[in-house]
Amino acid sequence: MDKYFEGKRILVTGGCQGIGRGLVLELWRLGANVVTVSNNAENLNKLKEEYPSIEIVYVDLRNWNKTREVIDALGVFDGLVNNAGIAIIEPFLECKKESLNETLDVNVNAVINVSQVVAKKMIENKRKGSIVNISSQASKAALKDHVAYCASKGALDALTRVMALELGPFGIRINTVNPTVIMTEMGRKVWAEPSKSKEMLSKIPLGRFGEVKEVVNAVLFLLCDSASLISGVQLPIDGGFLAT
């Protein structure tokens, strides 16, 4: 796997914090030429200061036309990770149209938009690439007060299957990873209170939440040729949550 990434160009959306940052840094360590896009200028600049050879690009993925322009200008990639996502916490009876639209814009529409541009260039340049979409266990199991988020991740899984069907003939593989709660910096803050984490942990047979590296390792596997016959799948990284 290490040698596979040497000299490969990989695009990661939302790559300056959490799982995305962990993935960007590991790809960089493995020799990939990494480009990451985000709408968080502060975090992008901080990443660039620490790792000058990582290419950063500012863009708001909710802006369809601007995003296409920016991604098209970046050239050809060997791999893409659609990591950028948002979660607006509202119960079903209180979910607002604006919340649903924004969630779908980032978690679904942006994936279609970015992937279209990247995949077309892969096809034009005869690159047999790999695209990994970061989904969630929320696509498979209901989470209270996460109606917009669950709906968007369910749509993302369905989108992935269609992408795999239509892009497979060009040698492009598409998969998702579906993590449980992951202990990013934000995750540790949100789930630190035992009264909040107890119920979720009780549903995970392995009895713990995930670490960033555990998601990163799965994504790296799906990006590289070791997964050359894997396409259209949803890979849970959930400690057995979906098995119960």
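The values are calculated or read from the model by the stated rules, or taken from the named source; none is laboratory data. Predicted, not measured: the structure shown is a model, and the values here were computed from it. Using ideal geometry, Cβ is built from the backbone for each residue, glycine included, and neighbour counts are taken over all protein chains shown.
At-a-glance table
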read-out	value
Which listed residue, of Ala192, Ala158, Ala218, is in contact (Cβ under 8 Å) with a residue 24 or more places away in the chain and among the hydrophobic types (A, V, I, L, M, F, W, C)	Ala218
Filtered residues of segment 179-209 (kept if polar (S, T, N, Q) and out of contact with any Gly (no Cβ under 7 Å at 6 or more places or on another chain))	Ser195, Ser197, Ser202
Entirely in segment 162-244, the helices (runs of 4 or more DSSP H) that have 2 or more residues that are modelled with pLDDT under 95 and more than 24 Å from Gly22 (Cβ to Cβ)	194-202
Answer from Leu25, Leu44 - the residue that is surrounded by 20 or more Cβ atoms within 10 Å (Cβ to Cβ), under 24 Å from Asn107 (Cβ atoms) and touching a Phe, Trp or Tyr at 6+ places or on another chain (Cβ under 8 Å)	Leu44
Close pairs (7 angstrom Cβ cut-off, 6 or more residues apart or separate chains): farther than 17 Å from Gly75 by Cα in segment 31-45, among the β-branched types (Val, Ile, Thr) anywhere	Asn39/Val59; Leu44/Ile56
Residue match in segment 190-203 (condition: within 20 Å of the chain's Cα centre (by Cα) and closer than 17 Å to Ala141 by Cβ)	no
Pairs, first over 17 Å from Met186 (Cβ atoms) in segment 198-214, second not aromatic (Phe, Trp, Tyr), C-beta under 6 Å, six or more apart	Lys203/Thr244; Ile204/Gly239; Pro205/Gly240; Leu206/Gly239; Leu206/Gly240
Scope segment 14-38; condition touching an Asp or Glu at 6+ places or on another chain (Cβ under 6 Å) and either β-branched (Val, Ile, Thr) or part of a helix (DSSP H, G or I) (or both); matching residues	Val35
Criterion violated by Leu167 - all others in (1) surrounded by 17 or more Cβ atoms within 10 Å (Cβ to Cβ); (2) closer than 20 Å to Leu242 by Cβ satisfied	(2)
So Ser139, is it closer than 30 Å to Met122 by Cβ and touching a strand residue (DSSP E or B) at 6+ places or on another chain (Cβ under 7 Å)	yes
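Residues are listed down the side, and each one gets a yes or a no for (1) over 18 Å from the mean Cα position of the chain (by Cα); (2) within 13 Å of Val114 (Cβ to Cβ):
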position: Ala41; (1), (2): yes, no
position: Ser53; (1), (2): yes, no
position: Leu61; (1), (2): no, yes
position: Val76; (1), (2): yes, no
position: Val81; (1), (2): no, yes
position: Ile86; (1), (2): no, no
